[in-house]
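Note sheet for the following structure.
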Amino acid sequence: VKADVVYSNQYHDSFFGYLLACLKRVPFVCHLRLPPPDKLGWQWNLGMQGAKQLISVSAHTKQAWSQVGFSPEIIDVVHNGIDETKFLPTETLLLPRQQLNLPKTGFIVSYVGRLDRHKGTETLIKGFAELRKTNPSVHLAIAGITHNDNAAYLTELQSLTAHLNVKTAVTFLGHVDSPAQVYQASDLVVLPSEWPEPFGRTVIESLSCGVPVVASRIGGIPEILTDQLSQGLFESANPQSLAERLQQHILWREHTPRLGEACRRHVVDHFALHSALEKIETTLLKAVSA
């Protein structure tokens, strides 16, 4: 079978992708899913410089690669998409909460992702503790495991909940096979990252389930939370700013009951998987025809 283009899903494979493209005498295209490393090795640099087209998951990531010498003219921004049929709103909060052993009633804030310092988990716990001072019935669910099974960091987080007197109001779920189940059990999802997330996949997953998101104003996240949803953005690494955003959303089901529908529609309109695939295909065709 004759290849028309060689595509690499990440820059780590760019050297071999470019070599293969040279052997096949076809163009090479690489996807930029992460910001450039502090030092781009010669192999990666050679492979990336040989790309006919680059695809970036956000405008923020495109800018980061442009700043290290890659022409913005060959970088197409294609935001990540998801299969919205796999992330659906739930008709009742009770079932997913029962399945996860979470409180059946009350307002539940959740986090889904790796437990790591640059993910802002400590900021989340501190911001939640501030919220609970005036909203004693709220509960925090944290789904995910530590990087490289760092048990010491998990213990540190658990100790922080005790120090802030919210230990009984925080549930560490550990690894969860179905993130959608956590979203469906929640009233609000938080992505408190303290590093420039290239995109923020958990944001669109939660929104697709009809659950609003509060997230750091950093990296590619503001490109997702636009228009009405931008009210969920807070200042990164700032527990007080986070607490204020949480407070503003605590009564959304009563005050703006259609917000969940708006979240779902936002994903369907802007981040559907079929739309992302069509845009990637357009870039591949551009590389072939250039």
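Points to keep in mind about this one:
- If the chain linking Thr282 and Gln228 were pulled fully straight, counting 0.36 nm for each residue of separation and taking away their Cα-Cα distance, it would gain 16.5 nm.
- Pairs beyond 31 Å (Cα-Cα), from Lys62/Lys133; Lys104/Lys133; Lys62/Lys119: Lys62/Lys133
- Distances between placed amide hydrogens fall under 5 Å for Val77 paired with Ser56, all partners being 5 or more residues away or on another chain.
- Average accessible surface area per residue within region 1-159, 1.4 Å rolling probe, Å²: 53 Å²
- If you take the Cα centroid of region 160-187 and the Cα centroid of region 84-136, the two points sit 5 Å apart.
- Contour minus Cα-Cα distance for Asp4 and Ser71 (0.36 nm per residue): 21.8 nm
- Taking 1.567 mPa s as the viscosity and 4 °C as the temperature, the Stokes-Einstein diffusion coefficient of region 202-253 based on its alpha-carbon Kirkwood radius rounds to 116 µm²/s.
- Cut-off under 5 Å, modelled amide H: who pairs with Gly210 long-range: Arg264
- Carbon plus sulfur fraction of accessible area for region 96-207, probe 1.4 Å, in percent: 49 percent
- Taking every protein chain into account, the accessible area of region 222-290 amounts to 58 square angstrom per residue (probe 1.4 Å).
- Highest-MSF residue in the chain out of Arg25, Arg264, Arg33 [GNM, Cα springs under 10 Å]: Arg25
- Other residues lying with their Cβ under 15 Å from the Cβ of Ala169 contribute a combined charge of +4, Lys and Arg counting +1, Asp and Glu -1.
The values are calculated or read from the model by the stated rules, or taken from the named source; none is laboratory data. None of the values given here were measured: they were computed from a predicted structure. Using ideal geometry, Cβ is built from the backbone for each residue, glycine included, and neighbour counts are taken over all protein chains shown. To get the accessible areas, we keep the full protein, side chains included, count just its heavy atoms, and leave off ligands, DNA and RNA. Shrake-Rupley method; radii C 1.70, N 1.55, O 1.52, S 1.80 Å.
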